[in-house]
Amino acid sequence: MPAPVTALSDALARIGDRWSLLLVEALMAAPLRFADLQETVAGISTNILAARLRHQERQGVVLTVPYSDRPRRYTYELTDAGRDLAGAVRLLAQWSPDHAGGGAAPALSTVVHPACGTPMEAVWWCPTCDQPGGAEGAAEVWV
(Lines give C-alpha, C1' and ligand atoms only; values in the text may rest on other atoms or scores of the structure.)
Protein backbone atom coordinates (compact mmCIF):
# COMPACT_ATOMS: atom_id res chain seq x y z
CA MET A 1 0.00 0.00 0.00
CA PRO A 2 1.56 3.35 -1.00
CA ALA A 3 2.25 5.94 1.67
CA PRO A 4 -0.29 8.76 1.82
CA VAL A 5 0.66 12.01 0.13
CA THR A 6 1.24 14.69 2.74
CA ALA A 7 1.38 18.44 2.18
CA LEU A 8 5.14 18.39 2.74
CA SER A 9 5.79 15.49 0.35
CA ASP A 10 3.65 17.22 -2.29
CA ALA A 11 5.52 20.50 -1.80
CA LEU A 12 8.90 18.77 -2.08
CA ALA A 13 7.79 16.98 -5.26
CA ARG A 14 6.70 20.29 -6.77
CA ILE A 15 9.75 22.28 -5.69
CA GLY A 16 12.41 19.78 -6.69
CA ASP A 17 15.78 19.75 -5.00
CA ARG A 18 18.41 22.02 -3.47
CA TRP A 19 19.14 23.65 -6.82
CA SER A 20 15.51 24.72 -7.08
CA LEU A 21 15.61 26.34 -3.64
CA LEU A 22 18.88 28.09 -4.51
CA LEU A 23 17.27 29.43 -7.70
CA VAL A 24 14.33 30.79 -5.70
CA GLU A 25 16.81 32.49 -3.35
CA ALA A 26 18.70 33.98 -6.30
CA LEU A 27 15.49 35.38 -7.81
CA MET A 28 14.20 36.95 -4.57
CA ALA A 29 15.79 40.34 -5.21
CA ALA A 30 15.11 40.76 -8.93
CA PRO A 31 14.61 38.95 -12.24
CA LEU A 32 17.80 37.48 -13.70
CA ARG A 33 19.01 36.20 -17.05
CA PHE A 34 20.23 32.63 -17.51
CA ALA A 35 23.94 33.54 -17.37
CA ASP A 36 23.36 35.67 -14.26
CA LEU A 37 21.61 32.75 -12.55
CA GLN A 38 24.45 30.41 -13.46
CA GLU A 39 26.93 32.87 -11.98
CA THR A 40 24.85 33.48 -8.84
CA VAL A 41 24.17 29.80 -8.07
CA ALA A 42 27.72 28.50 -7.77
CA GLY A 43 28.34 24.98 -9.03
CA ILE A 44 25.15 24.48 -11.05
CA SER A 45 25.71 23.06 -14.52
CA THR A 46 24.02 24.49 -17.59
CA ASN A 47 21.82 21.44 -18.19
CA ILE A 48 20.70 21.23 -14.54
CA LEU A 49 19.91 24.97 -14.50
CA ALA A 50 17.82 24.67 -17.67
CA ALA A 51 15.97 21.61 -16.34
CA ARG A 52 15.22 23.21 -12.96
CA LEU A 53 13.97 26.43 -14.58
CA ARG A 54 11.65 24.43 -16.88
CA HIS A 55 10.37 22.43 -13.89
CA GLN A 56 9.78 25.56 -11.82
CA GLU A 57 7.99 27.21 -14.73
CA ARG A 58 5.67 24.17 -15.08
CA GLN A 59 5.00 24.34 -11.32
CA GLY A 60 4.10 28.04 -11.51
CA VAL A 61 7.04 29.19 -9.37
CA VAL A 62 9.10 30.94 -12.07
CA LEU A 63 7.94 33.09 -14.96
CA THR A 64 9.98 33.11 -18.17
CA VAL A 65 9.94 36.48 -19.96
CA PRO A 66 11.53 36.80 -23.42
CA TYR A 67 13.81 39.83 -23.89
CA SER A 68 15.31 38.92 -27.29
CA ASP A 69 13.87 37.10 -30.30
CA ARG A 70 17.10 36.46 -32.21
CA PRO A 71 18.58 34.60 -30.53
CA ARG A 72 15.71 33.71 -28.21
CA ARG A 73 16.72 34.82 -24.70
CA TYR A 74 14.80 35.08 -21.43
CA THR A 75 14.78 36.64 -18.01
CA TYR A 76 13.44 34.61 -15.12
CA GLU A 77 11.40 35.97 -12.23
CA LEU A 78 9.33 34.63 -9.37
CA THR A 79 5.57 34.39 -9.74
CA ASP A 80 3.25 35.16 -6.82
CA ALA A 81 3.56 31.49 -5.83
CA GLY A 82 7.35 31.78 -6.09
CA ARG A 83 7.36 34.84 -3.83
CA ASP A 84 5.26 32.88 -1.32
CA LEU A 85 7.82 30.07 -1.51
CA ALA A 86 10.59 32.63 -1.03
CA GLY A 87 9.26 33.27 2.49
CA ALA A 88 9.73 29.59 3.36
CA VAL A 89 13.20 29.64 1.77
CA ARG A 90 14.12 32.65 3.94
CA LEU A 91 13.01 30.77 7.06
CA LEU A 92 15.00 27.70 6.05
CA ALA A 93 18.06 29.84 5.28
CA GLN A 94 17.77 31.49 8.68
CA TRP A 95 17.43 28.16 10.48
CA SER A 96 20.93 27.01 9.51
CA PRO A 97 23.04 29.80 11.06
CA ASP A 98 20.73 29.91 14.08
CA HIS A 99 21.37 26.21 14.82
CA ALA A 100 24.81 25.50 13.34
CA GLY A 101 26.84 26.57 16.36
CA GLY A 102 28.61 29.30 14.43
CA GLY A 103 29.53 27.10 11.46
CA ALA A 104 27.24 28.68 8.87
CA ALA A 105 27.35 32.21 7.55
CA PRO A 106 24.31 34.44 8.14
CA ALA A 107 21.59 33.97 5.56
CA LEU A 108 21.90 36.30 2.59
CA SER A 109 18.13 36.28 2.20
CA THR A 110 17.45 37.44 5.77
CA VAL A 111 14.90 40.25 5.82
CA VAL A 112 15.93 43.28 7.86
CA HIS A 113 13.83 46.09 9.23
CA PRO A 114 14.36 49.07 6.90
CA ALA A 115 14.35 51.65 9.71
CA CYS A 116 16.97 50.10 12.00
CA GLY A 117 18.57 47.18 10.11
CA THR A 118 17.62 44.54 12.70
CA PRO A 119 16.90 41.07 11.25
CA MET A 120 13.16 40.41 11.21
CA GLU A 121 11.64 37.37 12.96
CA ALA A 122 8.71 35.35 11.67
CA VAL A 123 5.80 34.90 14.07
CA TRP A 124 2.73 32.71 13.65
CA TRP A 125 -0.31 34.98 13.94
CA CYS A 126 -3.96 34.10 14.47
CA PRO A 127 -6.14 36.38 12.32
CA THR A 128 -9.25 35.55 14.39
CA CYS A 129 -7.80 36.29 17.84
CA ASP A 130 -5.36 38.91 16.52
CA GLN A 131 -2.64 37.34 18.69
CA PRO A 132 0.73 35.76 17.98
CA GLY A 133 0.74 31.96 18.27
CA GLY A 134 3.61 31.74 20.74
CA ALA A 135 2.37 34.51 23.03
CA GLU A 136 2.80 34.07 26.78
CA GLY A 137 0.09 31.82 28.14
CA ALA A 138 -0.77 30.44 24.70
CA ALA A 139 0.02 26.91 23.58
CA GLU A 140 2.80 26.36 21.05
CA VAL A 141 1.51 26.60 17.49
CA TRP A 142 2.68 23.92 15.06
CA VAL A 143 1.53 24.07 11.49
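The values are calculated or read from the model by the stated rules, or taken from the named source; none is laboratory data. Remember, it's a predicted structure, so these values are computed and weren't measured experimentally. When we count neighbours, we look across all protein chains shown, and the Cβ atoms used for this are built from the backbone with ideal geometry, even at glycine. Calculation scope for accessible area: heavy atoms of the full protein, side chains included, ligands and nucleic acids excluded. Shrake-Rupley method; radii C 1.70, N 1.55, O 1.52, S 1.80 Å.
Quick check on my filter: what residues within the stretch 46-71 are under 17 Å from D36 (Cβ atoms), out of contact with any Ser or Thr (no Cβ under 9 Å at 6 or more places or on another chain) and outside any helix (DSSP H, G or I)?
S68, P71
Can we say V41 is surrounded by 13 or more Cβ atoms within 10 Å (Cβ to Cβ) and in contact with a Ser or Thr (Cβ under 9 Å, 6 or more places away or on another chain)?
no
G60: under 12 Å from the mean Cα position of the chain (by Cα) and either modelled with pLDDT of 95 or more or not aliphatic (A, V, I, L, M) (or both), yes or no?
no
If V112 satisfies every condition in (1) over 15 Å from the mean Cα position of the chain (by Cα); (2) surrounded by 12 or more Cβ atoms within 10 Å (Cβ to Cβ); (3) modelled with pLDDT of 75 or more but one, which is the exception?
(2)
What are the pairs with Cβ atoms under 8 angstrom where one residue, in the stretch 5-27, is touching a residue at least 40 places away in the same chain (Cβ under 8 Å) and the other, located anywhere, is open to solvent by 70 Å² or more (accessible area, probe 1.4 Å) and not in a helix (DSSP H, G or I)? Sequence gap at least six, or different chains.
E25/L108
Taking the stretch 9-38, which residues are in a helix (DSSP H, G or I), open to solvent by 40 Å² or more (accessible area, probe 1.4 Å), over 20 Å from Y67 (Cα atoms) and of a type outside the set (A, V, I, L, M)?
S9, D10, R14, R18, E25, listed by residue number.
Please determine, by comparing only the residues of the stretch 72-89 that are over 12 Å from L27 (Cβ atoms), open to solvent by less than 80 Å² (accessible area, probe 1.4 Å) and assigned to a helix (DSSP H, G or I), which one is modelled with the highest pLDDT.
Residue satisfying both the conditions and the ranking: A81.
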